[in-house]
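Novice: Got a structure for you, written out below as structure tokens; questions coming shortly.
What follows draws every value from the coordinates through simple rules; no lab data is involved. Here the structure is a predicted model, which is why all the values come from computation and not from measurement. Don't worry about glycine lacking a Cβ; one is built from the backbone with ideal geometry, like all the others, and counts go over all protein chains shown.
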Amino acid sequence: KYENPWTIPNILSLARIGLAPVLGYLIVEENFNIALGVFALAGITDLLDGFIARNWASQKSALGSALDPLADKILISVLYVSLSCASLIPVPLTTLIILRDIVLIAAVFYVRYKTLSPPRTLGRYFNPCYATAQLKPTFISKMNTAVQLILVAASLAAPVFDYVDSIYLQTLWCITAFTTAASAYSYYRYGRKTVQGLPSRIT
């Protein structure tokens, strides 16, 4: 299936990816007040791209089904590494999240290869106009993304509002670790059901 990749939701997802290194820099430099504002902006782009894709059929795309969660994973990975460098999130939790995301991203590249009709050239493989599969995240994966982002927001706000050593923040670490592990298992258990192939005919 040949489709236009330059939809508003896809552009918003790309903007979210672009904000990731900005947030990382702000956190490492301990500019937490500004980082909170930029994080809120990234959250708005996430809400908007989903809302637009759901309500306007012309703005929905197979590429967006992969680009939106990819943008979330890149943003979350950068945030967790940066927050670990700032000693606001434990390194083992960040390691668990990064490893899970690396495996999922590798799986997406594999699915792309398997669903791309011959000839499988590099040009066609990396051409976003050729949509080959629609990705549908599991319910627990969606919940996990929400929990991970809540922890990021809470961790960013911790030095601003002076609750870095809060027991509630530490409890949130444990909840995030659990949902991350559960999400990884859900993809292992139901992975085939999260991918829907698209017709290979070019339209």
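Novice: How charged is the neighbourhood of F109? Take every other residue with its Cβ under 15 Å from the Cβ of F109, and add Lys/Arg as +1 and Asp/Glu as -1.
Specialist: +4
Novice: Once the Cα atoms of helix 32-55 and of the chain are each reduced to a long axis, what angle between those two axes, in degrees from 0 to 90 to the nearest 10, is obtained?
Specialist: 30 degrees
Novice: Could you give each residue of the stretch 93-103 its phi-based ³J(HN,Hα) in whole Hz, using Karplus coefficients 6.51, -1.76, 1.60 with θ = phi - 60°, and x for Gly or Pro?
Specialist: Rounded to whole hertz, the list is 5, 4, 4, 4, 5, 5, 4, 4, 5, 4, 5.
Novice: Okay, next question. Just to confirm the filter: which chymotrypsin sites (Phe, Trp or Tyr not before Pro) across the stretch 11-102 are DSSP coil and have at most 15 other Cβ within 10 angstrom of their Cβ?
Specialist: Loop-located and lightly packed - W56.
Novice: If you take the C-alpha gyration tensor of the stretch 139-178, multiply each eigenvalue by 5 and take the square root, what semi-axes do you get, largest first, in whole Å?
Specialist: Output for the stretch 139-178: semi-axes of 21, 11, 5 Å.
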